[in-house]
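Values quoted throughout were computed directly from the atomic coordinates according to the rules given, and no laboratory measurement underlies them. What you are looking at is a predicted structure, and each value in this text was computed from that prediction instead of being measured. Please note: Cβ atoms are built from the backbone with ideal geometry, for glycine as well, and neighbour counts cover all protein chains shown.
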Amino acid sequence: MLNEHELRRMLVSEMHLRRWPQVRAPCSIVQFVRLLDARDREEELAAMAALPSAGPIAPGTRPRHLDGTLAPGLAFTWERHSEASTITLFVTGAMGACPMLADALAWAGSLPGKVIRATRLQVVEDEAMALAMLPEFGFAADELVTCHVAAGAGPDEARARIWSDFRLREDGFGVVLVAACRMAPQPLSRMLQRLQELGNYRNLALLGLPVAREGWRALDRIEAMLGDMNRAVARPEVTDDELLEDVTRLSMELVGQASAADYRMSATAAYATIVEERLAELHIHPVPGCLSLADFTQRRFLPAVRTCAAHRRRAEQMAQRTAQVLSLLRTRIDTRIENQNGRLLVSMERSASRQLRLQQLVEGLSVVAVSYYALGLVAKVLEGVEELVPQIHVHVVAAALAPVVVAAAWLSIHCMKRRILGPEELSMGLAGQESEAK
């Protein structure tokens, strides 16, 4: 046995999804495309598991593609996409020839989820039969889209022809008339599947247009707020706290807007790419004087996609401009902090200078006090000596020793100060004193 990666089987099966059964004209195809949430997904899976013709579903598995037969001449396929699911009914021959079709439509219509697209395709053998049936469909003449489509790009490739006005009928379905024009079953099935995928992904992509329009108004409001904030940054009377509060509120609103729209805009871009691929794969050949499927898509679909892309670019630009405003505010705050620090340093320097002066004054008073008490002690000693040597005059000797005592006291205090502070701090104090004097 192979030591398989746990995702190998899923990856292999992914390459075989999106297959339709071979279609032969005449036939009818009905398809529903639904948007589902997590709860709808579970209900849908339970509904599919209840179909005997869909085959058994192993517990714990989440299949993405099922097919089966509901009745003779009535087949179905079910496929799960990222945010939608499709259920397609294939009716051999005309729709009225299948007695179980009504029940099948009721079952398909009762599945969970909200329908984003519902279409009926009537496939006939050739253009003559299609033109004969065309009045029955009631297509709007001024909006009729018709062209030739092919499954391949070869010069001898058979080309089918389609007709539709892409309008909803009273029952909520869109209608497409297809003339197979001798196209073989396999390329016909591939062409019809691409045609349906083109419409499905087009509708899914257009889900971003209302979000873009609503978001555009929100971006207009944010841009006006951003302009006011730019002017407020240059006004000194507006406090930094007020600006920071405004920037924070603006950033939160912009983040909320981006969070609400980013997924939808990304999905629109992805779906638009698939639409372009399906258009190219259909190899559309226009009918002279008629609106082709490519023209219809370019005129109606591409402007909506460009609007969504413009909304996304504008939101990114707004985020960059908000970051620039925040950078300006940060620079303004840093500048003010630096100015405050400079003023604080000047104030500290002045305080240190005052303290130095007070210290020098205290040192001078200390010299006087020490000298005074030292002379007192010397005088006491001289008085004792005067008793033994009457020729010594105490007051004269004390007066003569006064300068020596003062000098000795000053030198002693200075040496003690040098020993405690060190030569570097002492020189810094003298330098500060000189700068203060200047």
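Laid out as a table, the results:
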item: Per-residue HN-Hα couplings for region 78-90 [Karplus 6.51, -1.76, 1.60; θ = phi - 60°; Hz; x = Gly/Pro]; result: 10, 9, 9, 10, 4, 10, 9, 9, 10, 10, 10, 9, 10
item: Region 341-409 and region 93-149: distance between their alpha carbon centers, rounded to Å; result: 119
item: Amide H contacts under 5 Å for residue 147, placed H, 5+ residues apart; result: 162
item: Vicinal HN-Hα couplings computed from phi for region 34-46 (Karplus, 6.51 cos²θ - 1.76 cosθ + 1.60; Hz; Gly/Pro x); result: 10, 8, 10, 9, 4, 5, 4, 4, 5, 5, 5, 4, 5
item: Förster-model FRET efficiency, 41 Å R0, residue 221 and residue 50, C-beta, rounded to 0.05; result: 0.25
item: Percentage relative contact order, the chain, counting C-alpha pairs under 8 Å, at least six apart; result: 13
item: Angle between the chain longest axis and helix 302-388 axis [Cα atoms, degrees, rounded to 10]; result: 10
item: Contour excess over end-to-end distance, with Cα ends at residue 237 and residue 82 and 0.36 nm allotted per residue; result: 50.5 nm
item: Shape category assigned to region 111-170 from the gyration tensor of Cα positions, a/c cut at 1.5; result: oblate
item: Projected label distance in nm at residue 348 and residue 366, using a 7 Å step from Cα toward the beta-carbon; result: 2.5
item: Mean Cβ neighbour count within 10 Å, used as a protection proxy, ranking 82-90, 101-109, 357-365, 131-139 highest first; result: 82-90, 101-109, 131-139, 357-365
item: Taking 19, 202 and counting other C-beta atoms within 10 Å, the order from fewest to most; result: 19, 202
item: For residue 93, distant residues with modelled amide H under 5 Å away; result: 27, 28
item: Crossing angle, helix 208-233 versus the chain [Cα axis fit, 0-90 degrees, rounded to tens]; result: 20
item: Estimated translational D of region 16-205 in µm²/s (Stokes, Kirkwood radius over Cα pairs; 37 °C; 0.692 mPa s); result: 190
item: Alpha carbon centroid spacing (whole Å) that separates region 229-248 from region 301-336; result: 18
item: Label of the coordinate-derived value, Kirkwood radius over Cα pairs in Å, listed as (1) 23.4; (2) 30.5; (3) 26.5; result: (2)
item: Net charge dipole size for the chain [Lys, Arg +1 and Asp, Glu -1 on Cβ; Debye, nearest 20]; result: 480
item: Among 405, 325, 305: highest mean-square fluctuation, GNM of the chain, C-alpha pairs under 10 Å; result: 405
item: Sorted largest first, extent of region 359-421 alpha carbons per principal axis (Å); result: 47, 19, 14
item: Full-stretch length increase - residue 3, residue 142 - with 0.36 nm per residue and alpha-carbon distance subtracted; result: 43.9 nm
item: Under-5 Å amide H pairs with residue 81, H placed in peptide plane, nonlocal only; result: 86
item: Tilt relative to the chain, helix 185-206 - C-alpha long axis, 0 to 90 degrees, to 10; result: 40
